[in-house]
1. Would you check the chain for Lys pairs whose C-alpha atoms are within less than 21 Å, ignoring same-chain pairs closer than 8 in sequence, and give me the count?
2. What is the distance in Å between the Cα centroid of region 147-164 and that of region 28-63?
3. Cβ under 12 Å from residue 7's Cβ, residue 7 left aside: what net charge do those residues give with Lys, Arg +1 and Asp, Glu -1?
4. Farthest toward the dipole's positive end in region 1-154, which of 31, 83, 135, given Cβ charges of +1 (Lys, Arg) and -1 (Asp, Glu) about the Cα centre?
5. Within the set of other residues whose C-beta is less than 12 Å from the C-beta of residue 148, count the net charge using Lys and Arg as +1 and Asp and Glu as -1.
6. If you stretched the chain out fully between residue 8 and residue 166, how much longer would it get, using 0.36 nm times the residue separation minus the C-alpha to C-alpha distance?
7. Lys and Arg at +1, Asp and Glu at -1: add these up for the other residues within a Cβ distance under 14 Å of residue 29 and post the number.
8. Rounded to the nearest 20 Debye, what is the dipole magnitude of the chain about its Cα centre when Lys and Arg each give +1 and Asp and Glu each give -1 at the C-beta?
Amino acid sequence: AVVRGNAQVDGDAWVSGNAQVDGDAWVFGNAKMFDNAEVSGNAVVSSNAIVKDKAQVSGNAQVSGNAIVKDKAQVSGNAQVSGNAEVSEYAKVYGNAVVRGNAWVSGNAQVYDNAQVYGDAHVLDNARVEGKAEVSGKARVEGKAVIGGTAVILGGKWNGSEGPIMEGTWKSPTERIR
């Protein structure tokens, strides 16, 4: 493990393997980093969060709670990942995006801008959640689906065949409620 610059590792936090903490990053609480994970910039990893494999957390990003960032996933900008959320594989969460609760973001999926994914929602494959969109409940956004603008997705399975969804409140791809 390597801790460089003004980076700090405090409390019962654990950094091992080839993991790196750089810049002004802070890892504390019971957070764990291992394998080839990197935390840099002003990023904060706290509570019981885990960053492992070749995952990267950078910028002003925050990973907290029991959240896991793994594989080659990236969390950057001012993004926040918390609760029991998981970001994995090649997924990217950036900008001012928030992923929380029991949500998963995986595959090559991207969540960015001011988008929020929470509840038990899953965003996977090459799907994108952008703008001020919210995806929650047991929604499953997959394939090449694009949810953006001010759209609110409360559930259902979205695979991209419905085209980009940029507005409205939806229970499912066939049930718009606003």
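1. Lysine pairs, 8 or more places apart or on different chains, close enough: 26.
2. 30 Å
3. On the way: positive: 4; negative: 10, 22, 24, 38.
Surrounding charge for residue 7 is -3.
4. Looking along the dipole axis, the top candidate is 135.
5. Working: positive: 128, 132; negative: 113, 130, 134, 167.
Surrounding charge for residue 148 is -2.
6. Value of the extension gain: 52.8 nm.
7. On the way: positive: 32; negative: 10, 12.
It works out to a net charge of -1.
8. Working: 17 positive and 19 negative charges, 76 e Å.
With Lys and Arg at +1 and Asp and Glu at -1, about 360 debye.
None of the figures in this text is laboratory data; all of them are computed from the coordinates on show. Keep in mind it's a predicted model, so treat the numbers as computed, not measured. Cβ coordinates were reconstructed from backbone atoms using ideal geometry, including for glycine residues, and neighbour counts include every protein chain displayed.
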